[in-house]
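The values are calculated or read from the model by the stated rules, or taken from the named source; none is laboratory data. As the structure is a prediction and not an experimental result, all values here were calculated from the model. Virtual Cβ from ideal backbone geometry, glycine too; neighbours counted across all protein chains shown. When the accessible area is computed, the model is the full protein with side chains, heavy atoms only, and any ligands, DNA or RNA have been set aside. Shrake-Rupley method; radii C 1.70, N 1.55, O 1.52, S 1.80 Å.
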Amino acid sequence: MTVDEYFMGEALKEAAIALAFGDVPVGAVIVDSDGTIISRAHNTKEQLRDPTAHAESLVIRDTCRISGDWRLTGLTLYVTKEPCIMCAGAILNARISRLVYGSTDTKAGAVNSLYNLLNDARLNHRVAVTSGILQGECTIILKEFFKSLRRGCRAV
């Protein structure tokens, strides 16, 4: 198991928590250069009734609180699904150095699928991106969640 797979596994644990609460199962962790998890989060849009309560935004907020700084240079964000436009903007604004994600998001992905915000030469910050880590596991949990919604029941 690689380091990236290990931390994506930790993000998947967070996604499972979101699933248990009936939210889109996306989880995230932020890790420092020593390999220490600084913060963890999962989607809580349904719980909080907040459209901005994405795992990435929550984990960034918590890491800023813990570190006492809004600049998260040198840190890596692991998230189970490709970030949306809002979350990609937060990643850029926080100056996160590296993003690792599992599943692509062909409908709202702002890193590679629909947009390439994290490496847009017109912006003042770039983020190193690694995609496809534990992609199968990250995709399955999302597909099962949305399949259960189509059947008319919330995920368990």
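A few remarks follow.
- Measuring nothing but protein heavy atoms, the accessible surface of the chain at 1.4 Å probe radius is 55 percent carbon and sulfur.
- Normalised by the number of residues in segment 65-116, the average gap of Cα pairs under 8 Å and 6 or more apart makes the relative contact order 40 percent.
- Each peptide among 8-19, 56-67, 137-148 gets the average number of other Cβ atoms lying within 10 Å of its residues, and from highest to lowest they stand as 8-19, 56-67, 137-148.
- Degrees, to the nearest 10: 135-150 long Cα axis against longest axis of the chain: 40
- Working from Cα pairs under 8 Å separated by at least six residues, relative contact order for segment 1-69 is 24 percent.
- Within segment 1-72, the chymotrypsin sites (Phe, Trp or Tyr not before Pro) that combine a DSSP coil assignment with at most 16 other C-beta atoms in a 10 angstrom radius are F21, W70.
- Across the chain, C-alpha contacts under 8 Å between residues 6 or more apart give a mean separation that, scaled by the residue count, equals a relative contact order of 21 percent.
- Distant-in-sequence amide contacts of V100, defined by a placed amide H-H separation under 5 Å and a gap of 5 or more residues or a different chain, comprise L77, Y78, V79, T130.
- Candidate values (1) 8.0; (2) 8.7; (3) 13.5 were compared with mean projected area of the Cα convex hull in nm² computed on the shown model; the agreeing label is (2).
- Probing with 1.4 Å while keeping every protein chain in the model, the per residue accessible area of the chain equals 50 Å².
- Proximal aspartates and glutamates relative to K45, as straight alpha-carbon distance under 15 Å, when same-chain residues fewer than 8 apart are discounted: E14, D23, E56
- Helix 3-20 vs. the chain, principal-axis angle (Cα, 0 to 90°, nearest 10): 40
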